[in-house]
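Take a look at the structure below.
Just so it is clear, none of the values below were taken in a lab; they were calculated from the coordinates. For clarity, every value in this text was computed on a predicted model and none was experimentally measured. FYI the Cβ positions are ideal-geometry reconstructions off the backbone, even for glycines, and counts take in every protein chain you see.
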Amino acid sequence: MFVDIHCHLSFPEFDQDRNEVIARLKEAQVRLLIDPGINIPTSKKSIALAREFDFIYANVGLHPHEAAQPVDDTIFAELAALATAPKVVAIGEIGLDYHYPDYNRAAQHDAFREMLRLARSLDMPVVIHCRDAWEDTLRILSEESHSAMRGVMHCFSGDTEIAKECIRRGFKLSIPGTITYKRSLLPELVRTLSLDDLLTETDAPYLAPVPYRGKRNEPAYVRSVTEAIATIREISLDEAATGIAHNAVEIFRLPRMEQS
Ligand SMILES: [Zn+2]
Ligand SMILES: [Zn+2]
């Protein structure tokens, strides 16, 4: 059984064939899909998908790209209301993205802090998007979170030192399809860390793994990510998949999944 803990199935890229995509993920034995919101409309859609399908869970979030300009308080109020909907298991995705120099960093900081406070008030895990912004991400996390704060660094892109720091703080590192790319640094990381600290995701429709690279990604391909982890760690696919599914249940406090 495979788990895709970060897949934007609610995005318009899947509007034409969402049911076929879901049929293929079931065929591929993907047993859990977590759909993160990036703003109000996608968070709503994510909640609706979770209502429709038992294996889908939702996250309510405000992506740093959506906070590239100052965000109105009414947006945060609405997100806070959405976060209490059934099957919302985390606040995400939230975080900082410094890749685009014209994005307002102060606005991103404010939004990140606001969403961390929401997670804290609801005692929910957080799903963090961090690109080229580790120092500020970890600093703001320290300032805004409490000792029991936990969560996921989605699409992890940091080095070993950052990985260890995140794990020390109660975070798991989610490994995307880029682990299959030739120049990826993820294989070395996956080899050295404990399986207990890893999760798998597609971040579909983006970042399709080899051999689908360049095409629209989809949740069925999370199998390729799990296979890569098993190969690198020299363990069976079943051991990798079972361990990672257990990690997902633990961090998102989900009901136990059936084995097989
Ligand atoms: Zn992201
Ligand atoms: Zn994402």
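General remarks:
- Rounded, prolate or oblate (a/c below 1.5 giving rounded, otherwise prolate when a/b exceeds b/c) for the range 1-109 by Cα gyration tensor: prolate
- Ranked for footprinting exposure by Cβ neighbours inside 10 Å, fewest first, Y57, Y100, Y221 give Y100, Y57, Y221.
- Highest-fluctuation residue, F53, F171, F112 considered, GNM on the chain with Cα pairs under 10 Å: F53
- Rg and Dmax of the chain, based on Cα coordinates, read 16.9, 50 Å.
- For the chain, the number of Lys pairs separated by eight or more positions or lying on different chains, with C-alpha atoms closer than 18 Å, is 4.
- Gap separating the Cα centres of the range 37-70 and the range 190-228, nearest whole Å: 21 Å
- The range 199-260 shape via C-alpha gyration tensor axes, a/c threshold 1.5: oblate
- The calculated 222 nm mean residue ellipticity attributable to helices in the chain amounts to -12500 deg cm²/dmol, summing -39500 (n - 2.57) over DSSP H runs of n ≥ 4 and dividing by all residues.
- Förster radius 25 Å - calculated FRET efficiency between T192 and R117 (Cβ-Cβ, nearest 0.05): 0.15
- Least to most buried among D203, D54 (fewest other Cβ within 10 Å first): D54, D203
- The modelled label-to-label distance for the pair L254/Y206, using points 7 Å beyond Cα in the direction of Cβ, is 2.2 nm.
- Once the C-beta distance of M1 and H65 is scaled by a Förster radius of 25 Å, the resulting FRET efficiency is 0.20 to the nearest 0.05.
- Taking amide H atoms as placed 1.01 Å from N in the peptide plane, the amide H of V152 lies under 5 Å from those of V126, V127, I128, K172, each 5 or more residues away in sequence or on another chain.
- Considering all different alpha carbon pairs of the range 44-85, the Kirkwood hydrodynamic radius works out to 11.4 Å.
- Compared with the alpha-carbon gap, the fully stretched path from R168 to L237 is longer by 22.2 nm at 0.36 nm per residue.
- Estimated vicinal HN-Hα couplings, Hz - the range 245-254 in sequence order (Karplus 6.51, -1.76, 1.60; Gly, Pro = x): 4, 4, 4, 5, 4, 5, 6, 9, 6, 8
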